[in-house]
Amino acid sequence: MSSTPSDQPIPPGGPAVVPAATVVIFRHSATGGAPDVLMVQRAKEMRFAGGAAVFPGGRVDPADRELARRLLPDEAEEIAAARIAAIRETLEETGLMIATRQPVGAQEAAQARALLLEDGRLDTVLARFGWELEPGALTFFAHWCPLWDKAFDTRFFVTDLGTGAVDITVDATENSRLFWTSAAEALDMADSGDISVIFPTRRNLERLAQYASHAEALADIAAHPVARIHPSIEEREDGEWLVIAEGHGYPVRGQLKATARRG
């Protein structure tokens, strides 16, 4: 399974995983420090990562694949559809319209979100508002896939808002709050118990905390070609560890399984 390229689905005979997408959204810090990232705290009732702080995202829908085939015919469908899903889920969960060729104001974004919640399709929103997407504004960053049935086969992207002068509101169904924070601050919040994070989120926050800017993030991503990450269990002297392989660009590759929250 480890040899399956990131632009392909898990082959038949492998676990029945669910394609999904997540996006790390950067904005400039108000204090001039490391960039902020947008996080959503999931409602406690949700089956996946209930109560945890995660990046915006969700599963890839059939309509995302249709739109991806139209807009990105030259890109592998698995990656193209994940880009579309990341954009759609961000609008749905946060009210933020990312990766458009023209700036979108808060009022229009709120109207677009209402239409999306009613219709469920991003292409309907684009047609209604006359917007064109810039899917390349999302940089493919990482790819995580636990090898068990119903696990999420998640492609991670990063994008940059720049100023961050935007209005966001929680959807209040899947999520209970939204917040901007630096990756390092999010790790401190997790350590102090202010937020809960699952294993992949923590590893990604540690990686993101290395970057002083979106440009630094892009340089590091370019140095580490994306491949599927399959966390595994490793026996060590102090017990079972949940670990990931070397070479993916992560400064911390594991933790004691007993302390690791999984989705």
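The values are calculated or read from the model by the stated rules, or taken from the named source; none is laboratory data. Since the structure is predicted, the reported quantities are computational estimates derived from the model, not experimental observations. Here Cβ is always computed from backbone atoms with ideal geometry, including for glycine, and neighbour counts include all displayed protein chains. Surface areas here come from the heavy atoms of the whole protein model, side chains and all, with no ligands, DNA or RNA. Shrake-Rupley method; radii C 1.70, N 1.55, O 1.52, S 1.80 Å.
Among the residues of the range 188-236, which ones are of a type in the set (Gly, Ala, Ser) and either under 19 Å from the mean Cα position of the chain (by Cα) or under 22 Å from Ser6 (Cα atoms) (or both)?
Within the range 188-236, Ala190, Ser196, Ala209, Ser213, Ala215, Ala217, Ala219, Ala222, Ala223, Ala227, Ser232 meet the criteria.
Name every residue in the range 252-262 that is in a loop (DSSP other than H, G, I, E, B) and open to solvent by 70 Å² or more (accessible area, probe 1.4 Å), in order of residue number.
Those that are in a loop (DSSP other than H, G, I, E, B) and open to solvent by 70 Å² or more (accessible area, probe 1.4 Å): Arg253, Arg261, Arg262.
Do any residues in the range 76-91 that are free of Cβ contacts under 8 Å to residues at least 40 places away in the same chain have Cβ atoms under 9 Å from those of residues that are open to solvent by 10 Å² or more (accessible area, probe 1.4 Å) and small (Gly, Ala, Ser), where the two are at least six apart or on different chains, and which pairs are they?
Arg88/Gly58; Arg88/Ala63; Arg88/Gly120
With the requirement that a residue be of a type in the set (S, T, N, Q) and modelled with pLDDT of 95 or more, what does the range 128-179 give you?
Thr139, Thr154, Thr159, listed by residue number.
Between a residue in the range 141-163 that is within 17 Å of Ala223 (Cβ to Cβ) and part of a strand (DSSP E or B) and any residue that is at pLDDT below 95 and open to solvent by 20 Å² or more (accessible area, probe 1.4 Å), which pairs come within a Cβ distance under 6 Å, given they are 6 or more apart or on different chains?
Nothing qualifies.
Please state which of the following conditions Ile98 fails to meet, knowing it meets all the rest: (1) surrounded by fewer than 18 Cβ atoms within 10 Å (Cβ to Cβ); (2) touching a residue at least 12 places away in the same chain (Cβ under 8 Å); (3) under 24 Å from Gly162 (Cα atoms).
With (1) surrounded by fewer than 18 Cβ atoms within 10 Å (Cβ to Cβ); (2) touching a residue at least 12 places away in the same chain (Cβ under 8 Å); (3) under 24 Å from Gly162 (Cα atoms) applied to Ile98, the lone miss is (1).
For the range 190-201, which residues satisfy the criterion of being in a helix (DSSP H, G or I) and either surrounded by 18 or more Cβ atoms within 10 Å (Cβ to Cβ) or of a type in the set (Val, Ile, Thr) (or both)?
Result: Ala190, Phe199, Pro200, Thr201.
What number of residues in the range 180-189 are open to solvent by 20 Å² or more (accessible area, probe 1.4 Å) and either modelled with pLDDT under 95 or assigned to a strand (DSSP E or B) (or both)?
Residues meeting the conditions: 2.
Within the range 14-28, work out how many residues are among the aliphatic types (A, V, I, L, M) and either closer than 19 Å to Val158 by Cβ or touching a Gly at 6+ places or on another chain (Cβ under 8 Å) (or both).
5
Restricting to the range 210-243, give me the number of residues that are part of a loop (DSSP other than H, G, I, E, B) and surrounded by 19 or more Cβ atoms within 10 Å (Cβ to Cβ).
Adding up the residues that qualify gives 3.
Restricting to the range 66-82, and then to whatever is closer than 17 Å to His143 by Cα and assigned to a helix (DSSP H, G or I), can you tell me which residue is most open to solvent (accessible area, probe 1.4 Å)?
Glu77
Specify which of the listed residues (Leu147, Leu126) is open to solvent by less than 60 Å² (accessible area, probe 1.4 Å) and more than 14 Å from the chain's Cα centre (by Cα).
Within the list Leu147, Leu126, the selection yields Leu126.
Taking only pairs six or more apart or across chains, which ones have beta-carbon atoms under 7 Å, a first residue in the range 20-34 that is of a type outside the set (D, E, K, R), and a second residue that is open to solvent by 30 Å² or more (accessible area, probe 1.4 Å) and in a loop (DSSP other than H, G, I, E, B)?
If the second residue must be open to solvent by 30 Å² or more (accessible area, probe 1.4 Å) and in a loop (DSSP other than H, G, I, E, B), the pairs left are Ile25/Leu161; Phe26/Leu161; His28/Thr163; Ala34/Ala212.
Say whether the condition of being closer than 17 Å to Glu66 by Cβ, of a type in the set (Gly, Ala, Ser) and at pLDDT below 95 is met by at least one residue in the range 95-117.
No - not one qualifying residue is present in the range 95-117.
From Ala43, Ala52, Ala80, Ala34, grab the single residue that is modelled with pLDDT of 95 or more and of a type in the set (Gly, Ala, Ser).
Ala80
Out of Ala85, Ala63, which single residue is under 19 Å from Glu132 (Cβ atoms) and surrounded by fewer than 20 Cβ atoms within 10 Å (Cβ to Cβ)?
When all the criteria are applied, what remains is Ala63.
How many of the residues making up the range 1-38 are within 28 Å of Leu72 (Cα to Cα) and part of a strand (DSSP E or B)?
Number of matching residues: 12.
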